[in-house]
Each structure stands twice: as structure tokens, then as C-alpha cells.
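Report on the following structure.
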């Protein structure tokens, strides 16, 4: 009885410790994770207003490449995955739902490939 | 309601939720098929809570059937969950990124749910159950709470990924049903059932019922994939 309680208690403690460690570990993992390869063709996105992506041209939040801020700035670097997926994927999904040409909508590898597009 | 209509209602309800208000466009055969398998596993988790849970409360002639069916369906759900992960990886190697600690929390929730399923299933077999729990009552209580936690993790995984449940309405409806119904059933007292005139059902019959359940879910999943990619 006592041994069983000790096992259950130790297991719960171990799960809690693991969850806390995973929380800290995840933050480090997101910050240090190398960027995935990405293919993007500007020529296919001419109908999109430039500042939809390049918002820094309009709101003066930075200069240079997107990644210069989104991978290094402490305020946004942990949100890089949902931010870019919301920006790119949601737009593609909306176009697909509307029956328009949409490009990739779900499969990760359709965008995250090293192919260089014009 | 019998097993089969109930299972079909749950499965079709889950798949239909993804199509509310439009949003029926396909994402590719492999991707949609892999996720259909995941939805089938989710449907079985609800089914386990709604129909085959509390097997010990059934009259003796039926307890063996319900017990066996509960274990079989749980094993089927685990198999489908593993197949969902493997199929996604085969279709899209980049999903391996979601196996890492840097993955979004809703994806990590999916992996924790997978391991929770393994733990819940393994601890329910007689040997481990007797080794870990000092009474059937304690086992049932822990099993029920762990199963509700599993439902919450799966709901987080599915709604959080927002691939098919892409609006707040769909996500809310899904989470409310997926977690709310099992929680409500868990809190209410077990209903009295009069099965005196019902035919005796054996553990062997449970195996055949499991095969039917698996086949029915695959058919619903195949229809989901076809409709999304042919429309």
C-alpha cells in the first residue's frame, strides 16, 4: 500500500518535473532551431500588396529581411511559426475555399523545400 | 441506440463538423487520408467514453462482451493514432519537425496524448492493473480521470492545429462535444439497464464487432478523403 502510493507519488512528481523541464526546453528549442528551407515565388504573389508581408516598409518596425527581426527579436521569435503560417497558409486556404488558384494549403513540404523560385 | 448507429453518428458528426459553413476543399489525398485516420481515432475515443465505458456496470452476461469490446476498441484507437502519425510522416517528411520539442504546443499535446493512450491501455490489462492499483475502485477512478485528460489533450491537438476546424465556431463546437460529453457522462450516475431479454453476447462476438467498427470508420474516412479531393 505504502509502496504503491510512493510509486504513484513519484510518478506524478516525475511527470510534473518533466512538464516544467519541457516548458523551459521548448523555449530554448524554438529560439535555437534552424530555419526550415522555404520556397517562395514573388512572381506568383504579384496580386498581393507588398506591405501585407513587408509591413516594416509602412510601420517602421525594422529593416532588412523578415528573419532579421522574426528570428532574433525577443518579442516575436517564439511566435515565428504561428505568425508565418497565419500570414501564408491562411491566405492560401481562404483562396482555395473561394475556389481560386491558391497554391499549397496543407502539406509542409510544398513550401518548406530548398527549391529556389523566382 | 445500438453500437453501430452510435458509432456512425459520432464519426459522421466529427467529420461533418469540419465542413460547417463551407471549407470543404481538399489538401491532397495523402494528407487528407492521414488526417481522416486521426479523426477516426478521435471518434473511437468518444465512443469509448459514451458506449463501452463502465463495462462492469452491465449485467453479468453482457459484461464480458462490453469489457472485451472496450479493450479491443481502445487498441484499435491506439493503432489508428499511430497510423495517423506514420501516414503523415510518409506523405510529408517535414512533419518530422512536429516530433521535436520546438513544435507548437498543440502538436506536443498530440504526442503526449499518444503516450497517454499507451499508458492508459497498458495499465488496464489485469497484470499491470493489479500491480499498480490496490483496488478496482481506485483503478476505475484513475482510468476515468486519465481518459478525460486524454480527451482534453486530443481536443487541444485537433482544434489547435486548426487545419480542418478552421473557425472559432467549429473549434468551440468540437471541444465542447469532445470533452463535454465524456465529462457529463462521467459525472452522472450509471444508468440502470434492463437487459434481461437481450441475447447473451460473448467475448468472441466483441472481436467481430471490433472488425465491423474498424471497417466502418475506414469507409467514413475514405468518403471524407474522396469528397474533399474530388469536389
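The values are calculated or read from the model by the stated rules, or taken from the named source; none is laboratory data. Given the structure is predicted, the values throughout are model-derived calculations rather than measurements. Here the Cβ is made from the backbone with ideal geometry for all residues, glycine too, and neighbour counts use every protein chain on show.
Values computed for the structure shown
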| quantity | calculated |
| --- | --- |
| Segment B:78-104 residues that are at the interface with chain A (Cβ under 9 Å from one of its Cβ atoms) and on the phi > 0 side of the Ramachandran plot, paired with ones that are assigned to a helix (DSSP H, G or I) and surrounded by 15 or more Cβ atoms within 10 Å (Cβ to Cβ) (beta carbon under 9 Å, 6 or more apart) | none |
| Test: residue in segment A:37-45 that is modelled with pLDDT of 85 or more, exposed (fewer than 11 other Cβ atoms within 10 Å of the Cβ) and either away from chain B (no Cβ under 13 Å) or closer than 30 Å to residue B:139 by Cβ (or both) | yes |
| Matching option when the condition is at the interface with chain B (Cβ under 9 Å from one of its Cβ atoms), within 22 Å of residue B:104 (Cα to Cα) and surrounded by 14 or more Cβ atoms within 10 Å (Cβ to Cβ), among A:110, A:28 | A:110 |
| Selection from segment B:20-39 of residues that are within 9 Å of another protein chain (Cβ to nearest Cβ) and in contact (Cβ under 8 Å) with a residue 40 or more places away in the chain | B:23, B:24, B:25, B:26, B:27, B:28, B:30, B:31, B:32, B:35 |
| Residue within segment B:29-52 that is more than 18 Å from residue B:171 (Cβ to Cβ), buried (at least 20 other Cβ atoms within 10 Å of the Cβ) and at pLDDT below 80 present | yes |
| Conditions (1) at pLDDT below 90; (2) within 14 Å of chain A (Cβ to nearest Cβ); (3) part of a helix (DSSP H, G or I): number failed by residue B:16 | (2) |
| Sole residue being within 14 Å of the chain's Cα centre (by Cα) and assigned by TED's automatic domain parsing to the domain that holds residue A:112, chosen from A:72, A:61 | A:72 |
